[in-house]
């Protein structure tokens, strides 16, 4: 497995490294992605790339489908759930957010693997509305959350990005 670190992730980590809860949260995010990697490795995937970004981590394992996709996409949240009491209570919030049925989150990938990407986008739209409503009911400003989720969903589900991602996966698998 190759590990890539985005330069802005280094700057962000250097800025927050003094905060112990940030370090625990970062450790939980990395362990979450390693849970995905372990499941993918068990299923025979050998070419993986772990990328650390300012917004977290992502693991590319190529195209997955069916039960293998569900197993790999749920293995990260399972690790987060197991380690939440040890590492950080914030891990549970990150876990709940990550299980929303919105692409590119793990919940969205599981939904897409089971029901297809088109239905996942429909369900994801309703999930965004529900989260926004809950945020409004409990006094949390929903604007930032809704905008970020909407932009990520539109960008990462766009046809151009899917073509770019497939081409990158193909080239990565050649090496």
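The values are calculated or read from the model by the stated rules, or taken from the named source; none is laboratory data. These numbers were taken from a predicted model, which means no experiment stands behind them. Glycine gets a Cβ as well: all are built from the backbone with ideal geometry, and neighbour counts include every protein chain shown.
Does residue 46 satisfy being surrounded by fewer than 17 Cβ atoms within 10 Å (Cβ to Cβ) and outside the structural domain of residue 5 (by TED's automatic domain parsing)? Give the derivation first.
Details: surrounded by fewer than 17 Cβ atoms within 10 Å (Cβ to Cβ): yes; outside the structural domain of residue 5 (by TED's automatic domain parsing): no.
No, not satisfied.
Pull up the range 80-104, narrow it to residues that are free of Cβ contacts under 8 Å to residues at least 40 places away in the same chain and not in a helix (DSSP H, G or I), then point me to the one that is surrounded by the fewest Cβ atoms within 10 Å (Cβ to Cβ).
In this case the residue turns out to be 89.
What pairs can you find where one residue is in the range 113-134 and in contact (Cβ under 8 Å) with a residue 40 or more places away in the chain, the other is part of a loop (DSSP other than H, G, I, E, B), and their Cβ atoms are less than 8 Å apart, with a gap of 6+ or different chains?
113/64; 113/65; 117/103; 117/157
Name the single residue, out of those in the range 23-79 being under 18 Å from residue 97 (Cβ atoms) and assigned to a loop (DSSP other than H, G, I, E, B), that is nearest to the chain's Cα centre (by Cα).
55
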